1. For the full complex of protein chains and a 1.4 angstrom probe, list 137, 111 by accessible area with the highest value first.
2. What is the spin-label model distance, in nm, from residue 93 to residue 117 if the labels are put 7 Å beyond Cα along the C-beta direction?
3. Within the set 178/209; 136/209; 4/123; 50/178; 4/50; 117/148, which residue pairs have Cα atoms separated by over 23 Å?
4. Find how much the distance from residue 45 to residue 198 grows on full extension, using 0.36 nm per residue of separation minus their present alpha carbon separation; answer in nm with one decimal.
5. Extension gain residue 5-residue 19, at 0.36 nm per residue separation less the Cα-Cα distance, in nm?
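The values are calculated or read from the model by the stated rules, or taken from the named source; none is laboratory data. From a predicted model like this one, the values you see are computed outputs, not experimental measurements. Every residue, glycine among them, receives a Cβ derived from its backbone with ideal geometry; neighbour counts consider all protein chains shown. With ligands, DNA and RNA removed, areas are computed over all heavy atoms of the protein, side chains included. Shrake-Rupley method; radii C 1.70, N 1.55, O 1.52, S 1.80 Å.
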Amino acid sequence: MPEKSSLRIIAYKLGHVNDVIGLLNDLNNAYNSMYAFFFLVDSLQHEHNKRAAEIDRRFNRLSKYFKGIAFDRLIDPYWEDDIAYASRRNLHSLLELQTRINFENIVPISERLYLSKVNIQSKGFWEIIGVSDVIKEIRECLKYRDEKRKDKNYRNRQQEQLGELEISEKQNSIIAQKIAILKNLGYSELEIRQLVSTMISSPMSQLDKRQDNGQIDGPDESS
């Protein structure tokens, strides 16, 4: 079972019932979507590794069969290229895969987001518990967006338009690793941008709005 951790998000008010429901839904959607993103990338890498291992097994069988006929010398220099070609040829469409994923159902019950504590006062918090890798990245996203929001010099729209893919790569270590995996598998930057936008940036932008209207603040670093 994956390791779990908690995250406290600073809050100063509750608001209308619909506001509270909306916040919890946005937190849950962001968690489920990021979990699904990690699951998708890990599954693609696992499939690639299986395919590469199978190609390698076939190569070893042929090597034994053709032993003494310089088979190794003829084929081996190009073997990595053969694996790369086979991988590119069998690439799944990222957007097609993403549309097939049910972001909520893909998360096992034991790993779903859990609301552990709520304390609303002059400085209160929402405390959630979930899979550590996902919780860590949500924390980093909230922290980055909170710092961006408070930095008046960052109000320049042109600077704010820094691509979400670059932001994710700079600010989020685990997301950056997943993006690197997709690039190594042969996916184009356009495909990766679209996937990151749909599964990471868009869900997190809903929490960004909650920060802007004062319903929540950044992560509580003292917890």
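1. Output order, biggest surface exposure first: 111, 137.
2. Here the modelled spin labels are 4.8 nm apart.
3. 178/209; 4/123; 4/50; 117/148
4. Fully extending the segment from residue 45 to residue 198 adds 53.1 nm.
5. Working it through step by step, the gained length comes to 2.5 nm.
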